[in-house]
Every structure is written in C-alpha cells, then in structure tokens.
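Participant: Below is a structure I'd like to ask you about.
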Amino acid sequence: MVKESVKNFCKYSASDEELFMYIRINAGEWNEESFVKMKKLVREVIKDYENEECYPKIFVKYFVLNIPSIINILSNFRGCTDEDLRKGYTVESYLSMIAERIKELKELKMEFENSLWA
C-alpha cells in the first residue's frame, strides 16, 4: 500500500513545478515556492516511513540524483536575473540567499540520510 505522503511527493516530482525540473527549464531561475513545497513533502514522507524498513525507490532516487544536481546547479550561480533585481535583490543578497538554500538542501539530505539509521 502506497502512503498518501508518497503519492503527494510523486505528483510533485512529476510536475513542472518540481524544483530540479523548474531550474533546468527556466535557465537556473530559483523557485522559492517549489523549494518550500519540496521540503514539506520530503519531511512528510520521512515522518510516514520512520517505522518502516525502507523508502520507495522514487524517494531514494530523488536524494541520490536530484538533490545533488540542484546543489551543483546552485553552486554555479554567479549572478541574478533582471527579474530578481526587480524583486528587490542585489547580486550580493541573491547569492547570499542561494548560499542559504544550498545549506538547507545539504541539511535536508543529511536529515534523509540520518533517517536511514534511525
């Protein structure tokens, strides 16, 4: 039986709003809403599976492939778009925000990895 949290994660993962897909389609543009949604869905799956022996493959694959790819793409950001400037970012504040998101993604990956041993 597939848990509701995994169904929701799979819907997100297959959508155009999924963070890795969004960044690739939109030439590296950041999507905060997608990031927040992804973190929420991931944590729901981790919580639902805390007493299980394993996670579904699609969930594990996300941490093995997508999260490192997102971190890699973000690590290569060197500036921001005109749209980001219009939102009130400076190049420095945008790169600082991206550095913070990289840190959060690494922490989320660690949270997942730690859940494997809990």
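Participant: Using helices alone, what [θ] at 222 nm do you get for the chain, with -39,500 (n - 2.57) per DSSP H run of 4 or more residues, divided over all residues and rounded to the nearest 500?
Facilitator: -20000 deg cm²/dmol
Participant: Just how far, in whole angstrom, is the stretch 102-118 from the stretch 5-46 if you go by their alpha carbon centroids?
Facilitator: Value for the Cα centre distance between the two parts: 16 Å.
Participant: With no solvent and one equal point scatterer placed on each C-alpha of the chain, evaluate the Debye formula and give log10 I(q)/I(0) for q = 0.14, 0.16, 0.17, 0.22 Å⁻¹, two decimals.
Facilitator: Each listed q maps to, in turn, -0.60, -0.76, -0.84, -1.27.
Participant: Still on this structure: If you only keep lysine pairs separated by 8 or more in sequence, or across chains, how many in the stretch 15-118 come under 15 Å at the Cα atoms?
Facilitator: 7
Read-outs: derived from the displayed coordinates by stated rules, not from any lab. Because the structure is a prediction, the values reported are computed rather than measured.
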